[in-house]
Amino acid sequence: MNVEWAKFLTENAAVISDGAVSHFGDKSMELSAAALVNIIADISLLGVIEFIGEDVGAFLQGQLSCDVKALSMNASAYGSYCSAKGRVLATFLLWRTELGYSMALSRDILPTIQKRLGMFVMRSKVKLDDASDRCVLTGLSSPTGAEHIAKHFPLVPADDHQGAASENGLLLCLSQKRWVVMAGVKTAQKNWSVLQGAFTPVGAAAWGWLEIRAGVPWITQATQDQFVPQMINLELIGGVSFQKGCYPGQEIVARTQYLGKLKRRMYLANIVAEAIPLPGTALYSEDLGDQASGMVVSAQASPNGGFDVLAVANSESIALSIVHTGTPQGPTLSPQPLPYLLK
């Protein structure tokens, strides 16, 4: 987290731990607020890679699962970066800027992903730069829509994944109720000071819970190289193009889509447990005994009790509610509806 930004947040009652805002004094209240009222959150758990250069569009088009060339100015898309075997090494939110493209991804995997992508630049006119310390990401959520956001931002995008740039930064629409703002440190401070009158400040856990309820998978070190994109529903949120050209793992991803039968999918579920299940926690189903049958992608405390999780599990087992967390006798997953339909 940028030192100046961290100092500003601390002066505004933030408690910071491990490079992210833990809470603003009452984690339980903030979690309830995320479900009911306008909230504003620091998203420093995500880092940002900037891509610039004459060949940047063609380079990224040949590396990522989403259709980079289809992005208009300031528009965004979810996507993945895969191994040659079609396994997801990173998920991200990518958006187009005047200079090139920016990618937000889990900060713990950013250095290795930047290094790996850099290996394939070769003679292309492309430059990769870790912009995490100068690009502050702020999340906004409002159950009533854009009314309060429009009081500060001159243009509020009406459609999902569209963006609008202004002196207050780049405002990206994730859905009709959630937005991300990318701005420099000074601008982010000004935005926060103005918006916190109408938006309740919350910690990383509250924003993480909103991401889980939205069915958005964020790959971290614990879950790298475990899933093909369809297992974590990336094609359902626009993160995979089946019309674009080749990229690492493309043949396997396409074969999974058109020829294979996907036995595992990512589900939203609630569990009642004493401790939060960490990303990478194994899942077990009664029909497979001691053999692990899935994995937790992400989890956060739920304002309704227990923990809400995104977990990749066997589809037949999840339908029968016989999937357990951590051990074959561990807490049972109780499926919840995702905001999009599984195919």
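The values are calculated or read from the model by the stated rules, or taken from the named source; none is laboratory data. Quick caveat, the model's predicted, so the values are computed rather than measured. Positions of Cβ are backbone-derived with ideal geometry, glycine not excepted, and every protein chain shown enters the neighbour counts.
How many residues, within the stretch 304-322, are over 19 Å from G215 (Cα atoms) and outside any loop (DSSP other than H, G, I, E, B)?
2
With the structure loaded, tell me whether A75 is surrounded by fewer than 22 Cβ atoms within 10 Å (Cβ to Cβ) and small (G, A, S) or whether it fails that test.
Considered against the rule, which asks whether it is surrounded by fewer than 22 Cβ atoms within 10 Å (Cβ to Cβ) and small (G, A, S), A75 comes out as yes.
Please determine whether any residue of the stretch 221-237 is among the small types (G, A, S) and under 20 Å from F92 (Cα atoms).
Yes, the stretch 221-237 has at least one match.
Surrounded by fewer than 21 Cβ atoms within 10 Å (Cβ to Cβ) and either modelled with pLDDT of 95 or more or closer than 20 Å to M182 by Cβ (or both): does that describe D67? Lay out the reasoning, then the answer.
Working: surrounded by fewer than 21 Cβ atoms within 10 Å (Cβ to Cβ): yes; either modelled with pLDDT of 95 or more or closer than 20 Å to M182 by Cβ (or both): yes.
Answer is yes for this residue.
Could you tell me whether V240 is buried (at least 22 other Cβ atoms within 10 Å of the Cβ), in a strand (DSSP E or B), within 18 Å of the chain's Cα centre (by Cα) and modelled with pLDDT of 95 or more?
Taking the combined requirement at face value, the residue does not satisfy it.
Among the residues of the stretch 123-139, are any in the same structural domain as R213 (by TED's automatic domain parsing), crowded, with 19+ Cβ neighbours inside 10 Å, touching a Ser or Thr at 6+ places or on another chain (Cβ under 9 Å) and of a type in the set (S, T, N, Q)?
Within the stretch 123-139, one or more residues are in the same structural domain as R213 (by TED's automatic domain parsing), crowded, with 19+ Cβ neighbours inside 10 Å, touching a Ser or Thr at 6+ places or on another chain (Cβ under 9 Å) and of a type in the set (S, T, N, Q).
Looking at the stretch 15-33 only, could you name the residues that are out of contact with any Pro (no Cβ under 7 Å at 6 or more places or on another chain) and over 23 Å from D130 (Cβ atoms)?
Answer for the stretch 15-33, where residues must be out of contact with any Pro (no Cβ under 7 Å at 6 or more places or on another chain) and over 23 Å from D130 (Cβ atoms): V15, S22, H23, G25, D26, K27, S28, M29, E30, A33.
Quick check, is F153 closer than 21 Å to P217 by Cβ and either touching a Leu at 6+ places or on another chain (Cβ under 9 Å) or outside the structural domain of F51 (by TED's automatic domain parsing) (or both)?
It is false that F153 is closer than 21 Å to P217 by Cβ and either touching a Leu at 6+ places or on another chain (Cβ under 9 Å) or outside the structural domain of F51 (by TED's automatic domain parsing) (or both).
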